[in-house]
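Student: Mind looking over this structure? Questions follow.
The values are calculated or read from the model by the stated rules, or taken from the named source; none is laboratory data. Keep in mind that what you see is a predicted model, and the values were worked out from it rather than measured. Positions of Cβ are backbone-derived with ideal geometry, glycine not excepted, and every protein chain shown enters the neighbour counts.
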Amino acid sequence: MKLFTIVYDVIVIGGGPAGLMAANIFEQHHINYVLLEKNEKPGKKLLITGGRRCNVTNSYHVNEFIAHLTIPHKNFLYATLSEFGPKEVIDFFKQRGLNLILEDQIKYFPETGKSSSVLDVLLSNINKERLLCRQFVKEVHQTEYGFLIKTNQSTFQTKHVFVATGSNSYPSTGSNGDGLIFAKYLNIASTPFTTAETVVYAKQVSKEYALLQGVSVKNTKVTIKDTKIFYQGDLLFTHFGLSGPVILNLSEFIYDQLLKGNTYLSFGLTDLSEQEVIEIFEKARRDNSQIYKILEDLTTKRLAKVILEKLGISPKNINEVSKKDINAIIDMVLNFTISVDRVEDKEKAYVNRGGILTSELDPSSMESKIVKGIYFIGETVDIHGPIGGFNITIALSTGYRCAKAIISRL
Ligand SMILES: Cc1cc2nc3c(=O)[nH]c(=O)nc-3n(C[C@H](O)[C@H](O)[C@H](O)COP(=O)(O)OP(=O)(O)OC[C@H]3O[C@@H](n4cnc5c(N)ncnc54)[C@H](O)[C@@H]3O)c2cc1C
């Protein structure tokens with residue numbers, strides 16, 4: 001094993017968006033640093049983001065961005081995002097020749113439609129000699145001059161360490177939770193990674209509602225029954241259960257509820273309000289419309305079929321349907337209920353909840369409060385957001401702020 005006698009000012013562990021952003025700032029300020037990445041190349045996860053198109057950021061102002069986060073300690077990010085938030089992310093890429101294009105009025109993607117363009121920009125100003133790949137960091141020790149870092153190949157010495165190792169989601173990309181192991185060794189507190197932003201499994205869908213596989217419901221409000229927790233967005237019935245943005249965003253809370261016991265999701269099969277649905281049925285009564293046709297217009301062919309079959313009501317004109325049955329139909333349209341069996345594992349989730357506790361970190365620098373000289377950035381920290389470019393923004397933003405903070409101290 002080779003021991004590097006150089007004592008670096010900073011060693012960054014992990015070449016995801018957080019670590020690469022920090023490296024960009026160090027390059028600008030000619031800092032004596034290296035970035036250690038365990039894979040043969042950095043940015044493996046970044047390349048698969050947003051369906052390989054990478055939803056880099058969004059159009060929210062800092063206050064709105066924070067309001068969308070569901071973590072209780074979200075204000076921890078206020079100063080960080082105020083310094084380098086969505087607007088600065090867009091400018092950063094624009095200044096380096098990559099325009100980000102607005103989609104659906106909220107999400108920003110690279111104009112090339114390729115996540116590789118985002119990675120190319122992050123790498124373009126990094127001196128290749130400072131990017132050391134196939135360096136799998138195994139141990140981080142505190143010493144009298146700073147830190148000793150042992151990898152599978154070498155031992156490095158540094159005054160400061162940036163841990164940017166990500167979470168435990170998609171470990172095949174290199175992110176397998178090592179940051180928490182380093183932290184534990186140094187007595188820095190963390191909370192275990194658990195699943196967030198993922199799909200849910202429901203046998204009821206695959207068995208009872210097999211016909212609905214592939215059916216989507218636009219902009220529906222999904223509530224976890226017996227709680228006040230809900231999200232609004234598009235939902236998709238799949239061959240294993242439920243998916244779609246609204247389910248991904250709700251999944252971490254469904255996970256919590258499953259730990260307590262039986263979990264049911266309730267949602268409308270239309271985005272119309274209760275009052276609007278009732279009015280449609282009242283008008284249909286006056287016109288004596290066909291019940292199947294009313295439901296088809298309100299939802300889809302397959303949902304209409306499933307509702308009538310489930311309630312044992314044959315297709316006929318509405319005035320031949322009993323009031324009790326009509327009320328049951330309306331209730332099913334407004335409060336369709338599915339029993340959930342489990343949430344996808346954290347390793348297959350897009351994002352993980354958990355990581356280094358923010359109470360352990362100085363929000364102005366991301367430095368550990370108890371072990372001076374070690375900093376945690378990106379998804380390895382217990383901060384995450386919903387889908388829509390929040391997580392890459394958080395990684396870039398914390399990487400930027402942390403690097404700037406350290407430069408002012410060097
Ligand atoms: C399929 C998918 C799609 C996604 N789409 C989006 C999206 O469109 N928009 C969005 O905002 N977010 C998206 N995310 C989430 C986003 O990718 C992450 O939040 C983000 O990559 C976190 O960045 P990071 O730098 O903190 O960590 P990571 O990107 O996870 O990078 C960590 C790096 O550290 C390296 N590493 C780990 N341990 C060691 C070690 N011991 N030694 C050396 N190196 C190590 C890893 O190899 C890796 O390169 C998506 C995630 C997935 C899985």
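Student: Of everything in the range 285-307, what is more than 11 Å from Ile329 (Cβ to Cβ), of a type outside the set (D, E, K, R) and in a helix (DSSP H, G or I)? Give them in sequence order.
Tutor: Leu303, Val306
Student: Now, a different point. Hey, does the range 354-363 have a residue that's surrounded by fewer than 21 Cβ atoms within 10 Å (Cβ to Cβ), small (Gly, Ala, Ser) and outside the structural domain of Ile106 (by TED's automatic domain parsing)?
Tutor: no
Student: Tyr108 versus (1) at pLDDT below 95; (2) surrounded by 15 or more Cβ atoms within 10 Å (Cβ to Cβ); (3) not hydrophobic (A, V, I, L, M, F, W, C): which is the lone unmet condition?
Tutor: Against the list (1) at pLDDT below 95; (2) surrounded by 15 or more Cβ atoms within 10 Å (Cβ to Cβ); (3) not hydrophobic (A, V, I, L, M, F, W, C), Tyr108 comes up short only on (1).
Student: Then there's this: So Gly373 ticks every box in (1) outside the structural domain of Val217 (by TED's automatic domain parsing); (2) surrounded by fewer than 19 Cβ atoms within 10 Å (Cβ to Cβ); (3) closer than 30 Å to Leu272 by Cβ but one. Which box is left unticked?
Tutor: (3)
Student: So Val137 ticks every box in (1) more than 9 Å from the ligand (Cβ to nearest atom); (2) under 30 Å from Gly85 (Cβ atoms); (3) of a type outside the set (Ser, Thr, Tyr) but one. Which box is left unticked?
Tutor: Just one mismatch for Val137, condition (1).
Student: Also: Given the conditions (1) in contact with a helix residue (DSSP H, G or I) (Cβ under 7 Å, 6 or more places away or on another chain); (2) without any contact (Cβ under 8 Å) to a residue 12 or more places away in the chain, which single one is not true for Thr173?
Tutor: Thr173 satisfies every listed condition except (2).
Student: Separate question: Quick one: which residue in Gly43, Gly16, Gly50 is within 18 Å of the chain's Cα centre (by Cα) and farther than 15 Å from Asp120 by Cα?
Tutor: Only one candidate passes the filter, namely Gly50.
Student: If we scan the range 199-221, do we find a residue that is within 16 Å of the ligand (Cβ to nearest atom) and of a type in the set (A, V, I, L, M)?
Tutor: Within the range 199-221, one or more residues are within 16 Å of the ligand (Cβ to nearest atom) and of a type in the set (A, V, I, L, M).
Student: Any chance you could count how many residues in the range 159-176 are within 14 Å of the ligand (Cβ to nearest atom) and either outside any loop (DSSP other than H, G, I, E, B) or exposed (fewer than 15 other Cβ atoms within 10 Å of the Cβ) (or both)?
Tutor: 6
Student: If you go through the range 91-112, how many residues are outside any strand (DSSP E or B) and hydrophobic (A, V, I, L, M, F, W, C)?
Tutor: Summing the residues that are outside any strand (DSSP E or B) and hydrophobic (A, V, I, L, M, F, W, C) in the range 91-112 gives 4.
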